[in-house]
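Here's the structure we're looking at; comments come further down.
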Amino acid sequence: MYVTNFLLSISEKIKTTHFFVFFLIFFVYLTFSITNIYFNALAGADNYKYFQNILFVFGESDTTFDNQGLLYYFLIAFLLSLRTSSFHYSENINTIIKSNSVLLSETILIANLLIFICGLIGFYYLMKKLKIAKNKSIFILIMLVCFPSLYYLRLNMKPEILAFALIPWIFYFLESFLESKRNILLVNISILLSILILSKGSIAAMVLACLFTKFIINYKLFSFKQILIGFGSLLIALSLITIENNILGIGNLLDRDPEPNYNFKAPSNIVYNLDTERLLKDPKKNYHRDSLIGITLIDLTGDYFELNWKEDSVLFSKNIKPLIVSRDRDLDNENLKLFNLDTELKNIVYSGPGPDYTIYYLRYINLLLSIFFIFLTLKYFFKEKKSNKIYLIFPFIGIFVLLINTLFGFPQNNFDPTVGDTYKVFYYSFLIPFSMIVILKNINFKIFKNLIFVLVFLLFTFVNLGFPKSNNESLDLEIKASIENTIFCELNKNIIENSFITGVKVQCIDQNVFGPIKTDIKKVPFFSLFLLFLSSALSFISLKKK
């Protein structure tokens, strides 16, 4: 109680909102800088496939990959064209010159960050509409920045990050419409919805399912005329983007042949199958390919498929210093407690049964956090009012869409039985913030134990990413080569140098990237850009009227 009162007295002496805004900006910058140094976005899940869409914008490829909407990839290509006039690229990222690799990776990460920030602003206004206090709203945004399955979005070059950016605005304008009944809000919803529908099939199904669920709950508040306005605006916007895709030579979103290894349906028992013993003894990639529950429990807060920060080639996964280790059984350690602190090696020594499983301590924390998150979701589902219950089930709607796709092969087969990666949390991660907002708005952060839990979670975020590191000369040199080509090298180099054990110095390099691929933009999604700018203008006008 004394500590709580002390913290509250400090907060009263400063402008609390400024304090939270500062930490929000700090965590956004910190997570971006760490990612930019320790992660290569070209190594992200299937990014080598989706880079074909970037090459398509530059006229270096005749087709896009997977017939997905071009807007997201155009935004990355446009940013890349601002940074260099040419570059070198290869699907074998190990053959790309370091400066080229860093520039391409950094451009993807910067584009994703800017899009992510648009989403954060949208969720802030949605929370404002839900009557959540300003300081708590900003605090929740900090949690969104650090939540593992939302962090996935910023690492991958896929349109799910665009869904994260636009979907909060869709539901903000829907909540605003339910209050004001202004038809212009329906037009704006339709514009944003059309962009998402034609960006990717799974995104379209999930967003439409969530929006339809929200509509069913509130259908009495819509007149027939308003429904016509919404559908009419949506059809016009969809027609424009469809015409655009035909002009650009992009195929139908549903007209795609599954890759041979994905041309299967999932067995029905995958929905409820769970090998608890294996989950505890082998919480590893591919060991739970036959269990939706197992995959979800690990992947919600951990990189189960090892395609992000656990990917073998990125610095995140290298030289990880374990915080918990098992004791040496050959030594006379009979008087040791269950857990002992080794001050010399700076880790916790476990002396209990099952010493071989200490290597999975992070996985176990992932499991506990995931179970706790699901428990809170169910708890507040039975406590919240009907309008908020809808937001709590959004991630489950996303899972339901994936199940329809994999169990019934609709609209195409899309399941690889050797990995089960169609159930990645990533695919519906842009729906998770809705549940988090409803959960966190009910938590009193003035209670000391709740505050401590949040602070520990924020600390765990970085442990989960592979910190602290056991530095050696090889790692120091890799980090040095990575940071020297980054945009914030001058700001970060002193901090990074202090983490080196070899005394090596960072020399920031002016990026001078060139190669055979010219960044002259040849394919422009004019209608999509027009709709995006129109929506932005309507959004600005709407916010100004508040």
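The values are calculated or read from the model by the stated rules, or taken from the named source; none is laboratory data. A quick note: this is a predicted structure, and the numbers were derived from the prediction, not measured. Here Cβ is always computed from backbone atoms with ideal geometry, including for glycine, and neighbour counts include all displayed protein chains.
Quick notes on this structure:
- Evaluating Thr358 against the criteria (1) over 30 Å from Asn94 (Cβ atoms); (2) in contact with a helix residue (DSSP H, G or I) (Cβ under 9 Å, 6 or more places away or on another chain) leaves one unmet condition, (2).
- Checking each residue in the stretch 202-224 for being more than 17 Å from Tyr391 (Cα to Cα), free of Cβ contacts under 8 Å to residues at least 40 places away in the same chain and surrounded by fewer than 14 Cβ atoms within 10 Å (Cβ to Cβ) picks out Lys220, Ser223, Phe224.
- Within the stretch 68-94, restricting attention to residues that are small (Gly, Ala, Ser) and part of a loop (DSSP other than H, G, I, E, B), the residue that is modelled with the highest pLDDT is Ser85.
- Residue check, Ser11 small (Gly, Ala, Ser), in a helix (DSSP H, G or I) and at pLDDT 90 or above: no
- Pair list, Cβ under 7 Å, 6 or more apart: the stretch 317-344 residue modelled with pLDDT of 85 or more, other residue among the basic types (Lys, Arg) and not in a strand (DSSP E or B): Ser317/Lys310
- Residues that are among the aliphatic types (A, V, I, L, M), closer than 30 Å to Ile195 by Cβ and touching a Lys or Arg at 6+ places or on another chain (Cβ under 9 Å), drawn from the stretch 488-531: none
- Condition met for Ile293 (under 19 Å from the mean Cα position of the chain (by Cα) and in a helix (DSSP H, G or I)): no
- Listed conditions (1) of a type outside the set (Lys, Arg); (2) assigned to a helix (DSSP H, G or I); (3) more than 30 Å from Pro258 (Cβ to Cβ) are all met by Ser429, apart from (3).
- Hits in the stretch 32-67 - residues which are outside any helix (DSSP H, G or I), crowded, with 19+ Cβ neighbours inside 10 Å and in contact with a helix residue (DSSP H, G or I) (Cβ under 7 Å, 6 or more places away or on another chain): Phe39, Asn40, Gly44, Phe58, Thr64
- Complete set of residues in the stretch 274-284 that are surrounded by fewer than 18 Cβ atoms within 10 Å (Cβ to Cβ) and within 25 Å of the chain's Cα centre (by Cα): Lys284
Residue-wise test of (1) of a type in the set (A, V, I, L, M); (2) over 23 Å from the mean Cα position of the chain (by Cα); (3) surrounded by fewer than 17 Cβ atoms within 10 Å (Cβ to Cβ).
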residue: Ile399; (1), (2), (3): yes, no, no
residue: Asp421; (1), (2), (3): no, no, no
residue: Asn471; (1), (2), (3): no, yes, yes
residue: Lys480; (1), (2), (3): no, yes, no
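- Phe453 meets the conditions (1) assigned to a helix (DSSP H, G or I); (2) closer than 19 Å to Glu311 by Cα; (3) modelled with pLDDT under 90 in every case but one. The failed one is (2).
- Among the residues here, Glu244 qualifies as of a type in the set (D, E, K, R) and touching a residue at least 24 places away in the same chain (Cβ under 8 Å).
- Which listed residue, of Phe426, Phe430, is surrounded by 14 or more Cβ atoms within 10 Å (Cβ to Cβ), modelled with pLDDT of 90 or more and touching an Asp or Glu at 6+ places or on another chain (Cβ under 6 Å): Phe430
- The set of residues from the stretch 367-383 being hydroxyl-bearing (Ser, Thr, Tyr) and either over 14 Å from Ile295 (Cα atoms) or in contact with a strand residue (DSSP E or B) (Cβ under 9 Å, 6 or more places away or on another chain) (or both) comprises Thr377, Tyr380.
- Subset of the stretch 462-473 [polar (S, T, N, Q) and at pLDDT 90 or above]: Asn464
- Within the stretch 105-186, helices (runs of 4 or more DSSP H) holding 1 or more residues that are in contact (Cβ under 8 Å) with a residue 40 or more places away in the chain, in contact with a Leu (Cβ under 7 Å, 6 or more places away or on another chain) and acidic (Asp, Glu): 160-180
- Being of a type outside the set (Asp, Glu) and more than 27 Å from Ala205 (Cα to Cα) is a property that does not hold for Ser149.
- Selection within the stretch 196-216 - of a type in the set (A, V, I, L, M, F, W, C) and out of contact with any helix residue (DSSP H, G or I) (no Cβ under 6 Å at 6 or more places or on another chain): Leu208, Leu211, Phe212, Phe215, Ile216
- Taking the stretch 243-273 as the range and being part of a loop (DSSP other than H, G, I, E, B), surrounded by 14 or more Cβ atoms within 10 Å (Cβ to Cβ) and among the aliphatic types (A, V, I, L, M) as the test, the residues that pass are Ile250, Leu253, Ala266, Val271.
- Counting only residues that are crowded, with 18+ Cβ neighbours inside 10 Å and part of a helix (DSSP H, G or I), the stretch 497-531 holds 3 of them.
- All positions within the stretch 76-92 that are buried (at least 18 other Cβ atoms within 10 Å of the Cβ) and in contact with a helix residue (DSSP H, G or I) (Cβ under 6 Å, 6 or more places away or on another chain): Ile76, Ala77, Leu80, Phe87
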